Structure formats: C-alpha cells, structure tokens
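The values are calculated or read from the model by the stated rules, or taken from the named source; none is laboratory data. This one's a predicted model, so the numbers in the text were calculated from it and none came from an experiment. Note: ideal-geometry Cβ built from the backbone for every residue, glycine included; neighbour counts use all protein chains shown. Just the protein is used for accessible areas: all its heavy atoms, side chains included, with ligands, DNA and RNA removed. Shrake-Rupley method; radii C 1.70, N 1.55, O 1.52, S 1.80 Å.
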Amino acid sequence: MARHELLSPLPGTFYRRPSPEAPPFVAVGQTIAAGTVVGLVEVMKTFNEVQAETGGTVVEILVENEDAVEAGQALLIVEA
Amino acid sequence: MAIEVIKPGLATSVQDAGRSGYYHLGIPPSGALDQYSFRAANLLVGNDEGAAVLELTMLGPELAFRRDAVIAVTGAVMTPKLDGVAQACNTALAVKAGQVLSFDFLKGGARAYLAVAGGIDVPVVLGSRSTYGLGAFGGHQGRKLAAGDVLPIGAGTPVRAGRSLDPALQPVLEKAVELRVVPGLYDHRVTRASMEAFYADTWSVAPEADRIGYRYRGGRPLEFVARTQPFGAGSDPSNIVDACYPIGSIQVPAGLEPIVLHRDAVSGGGYMMVGTVISADLDRIGQMQPNHKARFVVVDLAAALAARAERRARLDRLRASLAL
C-alpha cells in the first residue's frame, strides 16, 4: 500500500464542504478516484476545487475546515 | 502565433509598467504589482524594462511555445519547468518551439513575472499593454488568460540564455513585513488610542486580497471620534464626503478591516483613509500571500522620499548589472 499526500495547489482558506450545510466532499475511509474534488481553497474571491491526483482510500485528513493553508501543504493522505 | 495557453493558472494577466495619467478619469495605473521584479524579468531577456510580461498569481499557467524563445521568471518563487524538467528562477532560459512551460508550487511570494524576449505583443490601450480587469480593457482581451488563448510575441533582439540575476539584487520575500505609512488625511476621525492600536497590531492578509486592494484582518476595530454626519457623507462613521483615493491609501470600511488600494484601484469614494503606504513598499504588498503578516509603521514624508530614492538607486544597480 502506497501512501500519497494530497497537496494544496494554492495558499488560502481550505473548505471541506461545498456549502456550510452540505456534507464534506470526502471523509476518512472513503474510496476516491483521481479527479475527485476533496475540498476548496478560497483565494482572491474565488473558490478553487482541489482534485485528487491519484485514487485510493482516504486514511487521514490533515486540515480542518476553514484552516489557512499554504501552497504545497499536505491536505490529506490517500492509500492506494 | 507564439504562445498558447493550455492551463491559465489562477489569475495570469498581461502587465507592464502601467497606464499613467488617467487616474483622475477613474482609470487606475494597473501594471505589475511588483514593479521591481517585473523590470528584472525584462532586463534578463534583453527587453526594454517596461515591456509587457505575464504576471502569474500564486498558481502558474501551462504554456506551449510555438517558436523558439528566451524567457525569464522573477519575483515569487515558482520554479519553471520545461517539458517537466525544473529550471532556475531569475535566469534567462532558452525555450525550443514545441516545449511546454509549467510551474511548480508557489514556495515564496505571491506573484512571479514571466518575460519573453520581444515582449507580449498585445495592443497598446491608452499608452499601456496592462490588463485592467474591472474595466475589461488592456492586456489580452481585457481579462486574465483563459485556456486556448494565443499570445503574440514581439520581435526581439536575440539574446543569449544563461544570464542570472545577482542574488543581492533578488527581491526579499518574507512572510511577515513592515509596511511604512504616511498618516492622513482622515485619521483625525479616529481616536488617538485607537490609531496607536492600529499601528501596534499585527494584521493578516485576507484571502480576498487582490490587484484592486489588499484586505487585512486580525487587528482591533477602529474607534471613531463622534461627529455630526456631514452633508454628502454616508451614515457609517467611516464614511466621508467623496474624496480621491491615492494608490497605497488605507481605507477601513466600518472601522473593521483595512484595505490597501493597489494598482487596479477605484480612484475615489466615500471611505476615510487613515494613511498611505509609501510607494517604495507597494512591491512588497504584491508579494504577500493570504495569511502573511504585516505591521503598519508610521514614517514622515522625508523618510518616505528617502525610501523612494533608495528604491531608485536599487533599480539603477539592477539596470547596471543587467546592461547588455
């Protein structure tokens, strides 16, 4: 099993859900495919989708909703 | 046809030295937010220092070159890659027709400048090739780049690749900066204790910060001096009778979150301004990412002019070091 860190492409504010009432994009234990949207990063008044580069099982989510993130920061860990 | 946009990046736009002389008509200067790094990029590839470049914001584009070119990337640390192979920042690089230029994650600063020998040859509008997004003119079709756009490159004098920017002349990119401010013209609207708090507090760049204005949060709200609402001013204590907004002026709507106006600003309105960030520090604002920290530090006009002279001297050293 290979562990992949999914990195934020942008600095900004990370959101785990598409809107405050909606369920999170992904949860621990969930199987995702490459291209699955795992969260949003808000910067310069735009919300940018973060997509998984590789598929697998989400084993850990490293940031909380509305955390400040940097470009290149690990957001979650996927096992494939 | 010279460069084709495969992926546009977050907010990639054509910018140059700016559009001077129309701010009184509501048309802001626009142009590269970090003018120093922008000029360095041009000088590295043998361009006139005011030639049009691409300003890359926090997430770089993916570009296919349709002809041989010499390029340089300065400013924010976003490692350029040619066909996936990492290249040096602050260096003139040779690109072959057919190669794809992409960028690694942002590792410092916020805006990188991509100069191409010959310059980005979009039409000149009111004396500048800079994009003014709010006005939807200048640059490439008045907007940031989109996938499928094709950018023409001007005829340049051939330059050799390989020249690098002296590390001593590279911009200093920090996560916490001090921004020098000349107070006024409306800080009399705020209590003295509250202005002292404003200058004592550390402010974080808000994710909304952009080319129009840099919004900060995290410091204490302003306390206003009581007044009778003047004829023509809005009812909020931060409102004034409409006035001109200098580039660099700090407005604080409702006394809550300071906004430093930058090169795409609107030219006037009804918010009081507590001070103006000096021109020598505007480049550093353009290199601030969300959540970077700033403190506002009071200086007098003599210190602001000295800082401007120092900045001009540094630009002269840059020009001398990269003279062909």
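Yes/no matrix, rows are residues, columns are (1) of a type in the set (K, R); (2) within 19 Å of the chain's Cα centre (by Cα); (3) within 24 Å of A:M44 (Cβ to Cβ):
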| site | (1), (2), (3) |
| --- | --- |
| B:Y22 | no, yes, no |
| B:L33 | no, yes, yes |
| B:F65 | no, no, no |
| B:V77 | no, yes, yes |
| B:D83 | no, no, no |
| B:A92 | no, no, no |
| B:G108 | no, yes, yes |
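If you filter segment A:15-51 down to residues that are closer than 11 Å to A:N65 by Cβ and either more than 12 Å from every other protein chain (Cβ to nearest Cβ) or open to solvent by 70 Å² or more (accessible area, probe 1.4 Å) (or both), you find that the one that is farthest from the chain's Cα centre (by Cα) is A:P20.
In segment B:116-123 there is at least one residue matching the filter, namely being assigned by TED's automatic domain parsing to the domain that holds B:V14 and open to solvent by 30 Å² or more (accessible area, probe 1.4 Å). The criterion of at least 1 residues that are in contact with a helix residue (DSSP H, G or I) (Cβ under 8 Å, 6 or more places away or on another chain) and crowded, with 17+ Cβ neighbours inside 10 Å is met by the following strands (runs of 3 or more DSSP E) wholly inside segment B:142-246: B:176-183, B:213-217, B:239-244.
From the set of residues in segment B:52-99 that are acidic (D, E) and within 14 Å of chain A (Cβ to nearest Cβ), which is surrounded by the fewest Cβ atoms within 10 Å (Cβ to Cβ)?
Result: B:E62.
Looking across B:R284, B:R220, B:R211, B:R295, one residue alone is at pLDDT 95 or above and within 14 Å of another protein chain (Cβ to nearest Cβ). It is B:R211. Scoring B:A323 on the criteria (1) of a type outside the set (V, I, T); (2) crowded, with 17+ Cβ neighbours inside 10 Å; (3) out of contact with any Phe, Trp or Tyr (no Cβ under 9 Å at 6 or more places or on another chain); (4) more than 14 Å from chain A (Cβ to nearest Cβ) leaves a single failure, condition (2).
I need the full set of residues from segment A:49-69 which are assigned to a loop (DSSP other than H, G, I, E, B) and more than 20 Å from A:E21 (Cβ to Cβ), in order please. Don't jump to the end; show me each part of the working.
Keep residues of segment A:49-69 that are assigned to a loop (DSSP other than H, G, I, E, B), which gives A:52-55, A:62-67.
Correct list: A:A52, A:E53, A:T54, A:G55, A:L62, A:V63.
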